[in-house]
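Here's the structure, in structure tokens; my notes come after.
Taken together, the values in this text are just the output of simple stated rules run on the coordinates, not laboratory data. Computed from a prediction, not measured in an experiment: that's the story for all the values here. As a convention, Cβ positions derive from the backbone with ideal geometry for all residues, glycine included, and neighbour counts pool all protein chains shown.
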Amino acid sequence: MTLSREIGLYIHVPFCRQRCHFCAFYLEIGRPERIAAFCSALRREIDLYCQQGLLAERTLQSIYFGGGTPTALPASQLVALLELIQTTWPPSTAVEVTVEAHPSTVTAKDLRILADAGINRISFGAESMDDKDFAPIGRPGNVRDTETAVAAARAASFTNINLDLMYGLPGQSLEAWTKTLQLLLMLDPSHVSCYALTIEEGTRLAQDIARDLALRPEDALQVDMESAAETLLSKAGFIRYEISNYAKPGAACRHNLLYWTDHDYLGLGPSAQSYVDGVRFGNIADLTAYVDMLDKHRLPVAERIILSASERQRDALVFGLRLLRGVPLNNVDGPEQRHRVNDLVTKGLLESDADRVRLTSLGQRYADTVAGELF
Ligand code: SF4
């Protein structure tokens with residue numbers, strides 16, 4: 001088996017100012033002593049992996065601070081962590097370094113510090129461009145914060161700016177969503193991610209819907225909203241390269257492309273997931289336990305699955321199909337998988353030509369079903 005020498009690094013920063021009602025990510029409300037404990041433990045995790053030589057002879061193609069809200073950490077702390085990472089594992093000269101940020105958690109000064117330290121991609125969770133949408137989902141801040149943060153990022157010399165949006169928010173109409181897209185385009189981002197709101201069990205929003213305090217998103221409306229996004233963003237020069245992701249030419253997220261093109265990635269921080277040398281492993285989703293394990297010089301890994309060659313090949317197919325260009329036909333391996341693919345072609349969920357197989361428009365809507373049928 002030929003192992004890719006390229007690798008991505010993901011750092012899960014598990015803090016937010018408050019929990020949005022729809023959010024099921026592992027996180028806690030940021031407090032200075034917990035943030036300090038996290039940063040110390042993260043340094044130990046980097047050191048342990050360095051001692052093990054796990055990334056020896058690998059080249060970091062991307063470093064991605066996600067969460068949570070990475071900018072819950074002071075900018076100077078983020079920069080110190082980045083410097084440690086780059087000293088430990090020298091990156092490619094073209095490394096993409098992304099920081100996710102909630103627009104109301106960064107100042108112009110923070111953004112200048114981040115840009116000066118070599119962070120070259122900033123991803124803001126805008127979610128909507130209509131203040132009315134925020135209260136039902138418990139998302140703090142307002143549209144003005146997003147506009148201010150984008151202007152400050154540009155002034156700090158960021159040119160690669162992503163804005164995340166969600167559609168199908170409680171009470172959101174197709175007209176309101178279209179207006180959100182139009183207002184977002186006026187901010188001139190280089191990348192836009194559009195995610196359909198999904199109701200995760202155990203969230204405050206799921207409880208609100210169960211008690212008739214919030215409206216459940218309608219499937220048919222979300223389909224129309226997805227089409228509206230594709231139409232408007234395509235007209236504005238964006239290329240839809242993945243089910244939920246649109247980029248100006250050359251601005252596709254290189255970190256996420258590693259996930260979808262069967263490359264390795266190492267995740268650091270509580271709940272972070274990794275895929276290295278055919279092994280999937282995940283960190284414990286508990287900050288206290290994460291800190292304790294690292295205090296004892298143990299890696300905070302809670303689960304580890306060694307994939308067989310056929311499981312790796314199947315995963316590469318499932319993830320690769322999220323890309324709208326699809327995957328090479330010769331990635332479809334063996335008679336059983338070919339039969340499953342042909343079945344999905346007959347159902348109108350996949351299409352293939354001489355070289356590649358890809359999702360149809362219908363398949364893009366039911367990508368999880370397609371993935372399930374390929375297993
Ligand atoms: S800001 Fe993002 S990560 Fe934090 S609670 Fe809201 S959705 Fe979740």
FRET efficiency for Glu230 and Glu33, using Cβ-Cβ distance with R0 set to 41 Å, rounded to 0.05
0.35
Can you give the percent of C-alpha pairs in segment 308-375 whose distance is more than 14 Å?
51 percent
Which percent, to the nearest 5, of DSSP beta bridges fully inside the chain are antiparallel?
40 percent
For segment 197-323: rounded, prolate or oblate by the Cα gyration tensor [a/c cutoff 1.5]:
oblate
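Which FRET efficiency value, to the nearest 0.05, do you get for Gln18 and Ser310 by plugging their Cβ-Cβ distance into 1/(1 + (r/R0)^6) with R0 = 51 Å?
0.70
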Highest mean packing first, using Cβ neighbours within 10 angstrom, the peptides 335-342, 109-116 sort as 109-116, 335-342
What distance in nm separates the two pseudo spin-label positions at Ala289 and Thr261, each 7 Å out from Cα along the beta-carbon direction?
3.5 nm
Given backbone amide H placed at 1.01 Å from N, residues whose amide H is under 5 Å from that of Leu350, ignoring those fewer than 5 places away on the same chain, are Val345, Thr360
Give a residue-ordered list of calculated ³J(HN,Hα) values for segment 238-248 (Karplus: 6.51 cos²θ - 1.76 cosθ + 1.60, θ = phi - 60°; whole Hz; x for Gly, Pro).
8, 9, 7, 9, 9, 3, 10, 10, 10, 9, 5
If you find the alpha carbon centre of segment 308-327 and of segment 207-265, how far apart are they in angstrom?
19 Å
Under 5 Å between amide H atoms, partner at least 5 residues away or on a different chain: which partners does Ile239 have, H built in plane at 1.01 Å?
Ala247, Lys248
Please work out the Kirkwood hydrodynamic radius for the chain, using every pair of different C-alpha atoms, and report it in angstroms with one decimal place.
21.8 Å
Would you mind computing, in nm to one decimal, how far apart the modelled labels at Asp47 and Val301 are, each placed 7 Å from Cα along Cα→Cβ?
2.0 nm
Restricting segment 251-309 to trypsin sites (Lys or Arg not before Pro) in coil, as DSSP defines it, with at most 12 other Cβ within 10 Å
Lys296, Arg298
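Starting from 0.36 nm per residue, how many nanometres of slack lie between Glu201 and Arg325 once their C-alpha separation is accounted for?
The Glu201-Arg325 span can extend by a further 41.4 nm.
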Less than 17 Å apart at the alpha-carbon level, and either on another chain or at least 8 residues along: which aspartates and glutamates does that give for Lys235?
Asp188, Asp224, Glu226
If amide hydrogens are placed 1.01 Å from N in the peptide plane, which non-local residues have theirs closer than 5 Å to the one on Arg139?
His21
Kirkwood Rh (inverse of mean 1/r, distinct Cα pairs), segment 1-134, angstrom:
16.0 Å
